[in-house]
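Visitor: For reference, the structure I am asking about is given below.
The values are calculated or read from the model by the stated rules, or taken from the named source; none is laboratory data. All values reported here derive from a predicted model rather than from experimental measurement. Please note: Cβ atoms are built from the backbone with ideal geometry, for glycine as well, and neighbour counts cover all protein chains shown. Ligands, DNA and RNA are excluded from the accessible area calculation, which covers all protein heavy atoms including side chains. Shrake-Rupley method; radii C 1.70, N 1.55, O 1.52, S 1.80 Å.
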Amino acid sequence: MGPLKAFLSLFLLIASLGAEAKSLSVHVFYWSNRIEAQVAMRRGFEEEIKKYNESAKQIIQLIPHVAGEGHLGVMNQIHQMENAIDLNPDALIVQPADISTVSRATQDAALKKIPVFTFDQFVLNGKVASYVASDNYQAGWNNGIYVESLFPKNHEIKIVIFEYTRVSAVINRIDGFFDALRSRKRKFVVLKRYEAIDPLAAGDAVNSMMKEFPKKRSIDLIFSVNDGGGNTVVEKLWNKGRREVIHASIDGDPVAVTNIKERRLTVIDSAQYCAEMGREIARQLIAHFSGTPVTPKVLIPTFPVTRETVSEFKGWLALPAPPPKSFPDPRASGSQQIQGDYGGATVRIGMAAHCPYLCDRGADVWSGYVFDILKDMAQKNNFKLKIVNTKNDELAKALKAKKIDFAVMPSYLVRYQPGYQIARSKLGVSYTGALFTPGIKMRVVDKNSLENLRVAFANLGQENDFSLDPEEFKKSIKLEGVDVAEKVIKVIGERRVDVALGDYNVIRYTQQRRQLLSLELQATSLTGFNTLSLVAAESPPAFADHPLRLQVWLAQARKSDQLQKILTKYNLKDWSDFEY
C-alpha cells in the first residue's frame, strides 16, 4: 500500500470513528429540584437514558436546566429554552413550569424542526412529538369512588375543595372526582372552594375555613387536588382537634401515605408513579432517535392508596402496579350503545351566543365552530337541531325546567353541583389571551407581570369564575357592551393601552376577521382553563346517548381531519390535549 493510500485509509478510519462517537445533544428543562415528586421524575428519565447509553452506538448527551419555582422560575425557563434553540440541539425535553408562557419557544423549536417532548404537563398550542403525564382524571375518579363508599346511601356529603384551576391537570382531577360522585347518584354540596395548592396558601385557607365552619361535623370531606396543600390541611386540622373530617388527596407524597397508615384524616391518596413518567418520556425520545414509532400521548396510571391497599404502593420510584379490582375503569362506557338514528326528531340545545363558539347571524341563522359540529352531528344522526340562545347563567335553570334537552356551557357552572350529566368529551377550552400593542415585548406569567402597564379588560365570551379584577390595577380600563372584540382591536390599534386581556379564542377569531394576524396574541394561564361541556339534567333525557354520539363524532372528525378544517375557518386550534 502506497503512502497516499495508507493516509487515505487512516483518514477514513478516523472519520468513521468520529462519526460513530458523535453524541446526540438533548437539552432538558426541569421545573424544580426542590419538589420531591419532580426530582423523582428526573431520576427516572436520567436512569433510562443512562441505561440506553451503555450499549448505544450513538449516545444521548443530556444538557440539564432547572427553572425554579414561581414567577422567576417561569421566566428562567423561557430564557433557557430560547438560548438552547439557538444552539440547534437534536431535541428538547420540557417539564413545563407553565403550559402557556413556554408555548412561543416550543413553536420556535418547531420552525427549526427541533423535536420537543414534554412530561408532567403539555404545552398549550405547542407542537410536540410526545407528551407523557399521569392519568389525572383517573386519580380524581378513584378518590370520588372511594370516599362515596364511606357514607350512608342517602347522606348528602358536605365538601370543601382546595383547588387551582390554572393548571390543566388539576381540572382533570376535579372532573374525575365529581364525575365519580355523579356516577353513583350521590347527593353532595360544595360548601366552599379555596384556591390553594402550596403549603403557605393552604395554611391561610384552612385557617379561614375553620373560622367559617367552626362547628364539628359542619364539613364531611375535604378534597385537595394535591399533597402540597393537602398535607398542610391535615396537619392544621389534626392539631386543632378537628378529627371528624375525612380527607382525600392526590400525589402519593410519603407524608400523605403515612397519614393514611396512622389514620390521620386522609383516607385515600391517588399516587403518581413519578419516575415512570420520566422513564416513559425517555423511551419516546429513544424511539424517535431509533426511527421507530413515537406515541403522541401517554397517560401513566395512578394508584389509589388506602388503608386496604397501602402495602401495594412501593413509592414514586416504583413501576406501576395494576389498580385494585374494587376501582372501576373511569372510561368504561358500560352497556350504553348508540341505537340507530333519531328519526328526524328535534334536539333543543341551549348555548350563549359568543363568536366564534356560536355566532348569531339573525333570523335563526347560526354559525360558529360549535354550531358547525352540532350541525354535522344532526345530519349524520338524522335529527333537527334547534339552537336556543340562552345566557350562561340561565342554562342550568333551562335544563331543569326542560326548556332545552342539552346545554353547551362552561363546565365550572355545573361541575360542583349534583343533578347534572356532563359529557366527558369536551367542545372546547377557553382561557385568557393577551393582545399586545406593536412594540411591546413581554411574557405574561401572572398578574404581577401587568404591574405598571396600561391594561384593557374585556368580557368577551366564556369567562371563568376566577377572572381578574380590573380594580386591582391602577392603569386599567374595562371594555363591555356590544362589539367588545372590536373595541379590543381598536384600543390596541390606537395604542391607548399596552395590553388587552380577554377570551383567547374570541380575540384570535377577530384577528383573522380583521386581517390583523401580525399583532402578537399570547395565551396565558391568568384565569385558568375553562372547558366547554355538553350537559343534560340528571333525569334521563329523551336522547340519552347524545354524549356518546358526540364522543364518536369527535374521534372520527379528528381522524379524518374534519374537525381541524372546521377550526381553521375560525383561526382556532384543537383542544385535544385537554381531553382525558
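Visitor: I'm checking my understanding of the structure. Among residues of region 454-482 that are buried (at least 17 other Cβ atoms within 10 Å of the Cβ) and touching a Pro at 6+ places or on another chain (Cβ under 6 Å), which one is modelled with the highest pLDDT?
Guide: Checked region 454-482; the qualifying residue modelled with the highest pLDDT is 457.
Visitor: Provide a single number: the residues in region 101-148 that are acidic (Asp, Glu) and farther than 30 Å from residue 230 by Cβ.
Guide: The total comes to 1.
Residues are listed down the side, and each one gets a yes or a no for (1) touching a residue at least 12 places away in the same chain (Cβ under 8 Å); (2) within 22 Å of residue 126 (Cβ to Cβ); (3) over 21 Å from the mean Cα position of the chain (by Cα); (4) crowded, with 19+ Cβ neighbours inside 10 Å:
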site	(1), (2), (3), (4)
59	yes, no, yes, no
64	yes, yes, yes, no
71	yes, yes, no, no
79	no, yes, yes, no
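Visitor: So for region 261-284 (the condition being modelled with pLDDT under 95, under 22 Å from the mean Cα position of the chain (by Cα) and within 19 Å of residue 32 (Cβ to Cβ)), does at least one residue qualify?
Guide: Checked against the condition, which is being modelled with pLDDT under 95, under 22 Å from the mean Cα position of the chain (by Cα) and within 19 Å of residue 32 (Cβ to Cβ), region 261-284 yields no hits at all.
Visitor: Which residues, counting only those in region 121-161, are surrounded by fewer than 24 Cβ atoms within 10 Å (Cβ to Cβ), in a helix (DSSP H, G or I) and of a type outside the set (A, V, I, L, M)?
Guide: Hits for region 121-161 are 146, 148.
Visitor: Within region 232-288, take every residue that is at positive phi and out of contact with any helix residue (DSSP H, G or I) (no Cβ under 7 Å at 6 or more places or on another chain) and give me the one that is surrounded by the fewest Cβ atoms within 10 Å (Cβ to Cβ).
Guide: Out of the qualifying residues, it is 241.
Visitor: List the residue pairs whose Cβ atoms are under 7 Å apart, where the first residue sits in region 217-228 and is surrounded by fewer than 21 Cβ atoms within 10 Å (Cβ to Cβ), the second is acidic (Asp, Glu), and the two are 6 or more positions apart or on different chains.
Guide: Here the result reads 217/244, each pair linking region 217-228 to a residue that is acidic (Asp, Glu).
Visitor: Tell me the residue from 568, 510 that is open to solvent by less than 40 Å² (accessible area, probe 1.4 Å) and more than 30 Å from residue 417 (Cα to Cα), please.
Guide: Unique residue meeting the criteria: 510.
Visitor: So which pairs qualify, if the first residue must be in region 17-36 and more than 19 Å from residue 91 (Cβ to Cβ), the second must be modelled with pLDDT of 85 or more and open to solvent by 100 Å² or more (accessible area, probe 1.4 Å), the Cβ gap must be under 7 Å, and the two must be at least 6 apart or on different chains?
Guide: Short answer, once both residue conditions are applied: 20/57.
Visitor: Kindly indicate which of 497, 444 is part of a loop (DSSP other than H, G, I, E, B), buried (at least 22 other Cβ atoms within 10 Å of the Cβ) and under 19 Å from the mean Cα position of the chain (by Cα).
Guide: 444
Visitor: Here are the criteria: (1) part of a loop (DSSP other than H, G, I, E, B); (2) in contact with a strand residue (DSSP E or B) (Cβ under 6 Å, 6 or more places away or on another chain); (3) open to solvent by 50 Å² or more (accessible area, probe 1.4 Å). Tell me which single one residue 88 does not satisfy.
Guide: Every listed condition holds for residue 88 apart from (2).
Visitor: Anything in region 521-576 that is touching a residue at least 12 places away in the same chain (Cβ under 8 Å), of a type in the set (S, T, N, Q) and part of a helix (DSSP H, G or I)? List them, or say none.
Guide: If the condition is that a residue be touching a residue at least 12 places away in the same chain (Cβ under 8 Å), of a type in the set (S, T, N, Q) and part of a helix (DSSP H, G or I), then 551, 562, 576 are the ones that fit.
Visitor: Another question, then. Answer with yes or no whether residue 269 is part of a strand (DSSP E or B) and among the charged types (D, E, K, R).
Guide: In short, yes.
Visitor: Restricting attention to region 183-199, and to residues there that are at pLDDT below 95 and not in a strand (DSSP E or B), which single residue is surrounded by the most Cβ atoms within 10 Å (Cβ to Cβ)?
Guide: 196
Visitor: Only one of these conditions is not met by residue 434: (1) in a strand (DSSP E or B); (2) in contact with a helix residue (DSSP H, G or I) (Cβ under 7 Å, 6 or more places away or on another chain); (3) modelled with pLDDT under 95. Which number is it?
Guide: Evaluating residue 434 over (1) in a strand (DSSP E or B); (2) in contact with a helix residue (DSSP H, G or I) (Cβ under 7 Å, 6 or more places away or on another chain); (3) modelled with pLDDT under 95 leaves (2) as the failure.
Visitor: Tell me whether region 311-329 contains one or more residues that are open to solvent by 20 Å² or more (accessible area, probe 1.4 Å), on the phi > 0 side of the Ramachandran plot, part of a loop (DSSP other than H, G, I, E, B) and modelled with pLDDT under 95.
Guide: The answer is no, given that none of the residues of region 311-329 is open to solvent by 20 Å² or more (accessible area, probe 1.4 Å), on the phi > 0 side of the Ramachandran plot, part of a loop (DSSP other than H, G, I, E, B) and modelled with pLDDT under 95.
Visitor: Under 9 Å by Cβ, and 6 or more places apart or on different chains, what pairs join a residue from region 423-444 that is in contact (Cβ under 8 Å) with a residue 12 or more places away in the chain and among the aromatic types (Phe, Trp, Tyr) with one that is open to solvent by less than 20 Å² (accessible area, probe 1.4 Å) and in a strand (DSSP E or B)?
Guide: 431/503; 431/523; 431/530; 436/499; 436/500; 436/522
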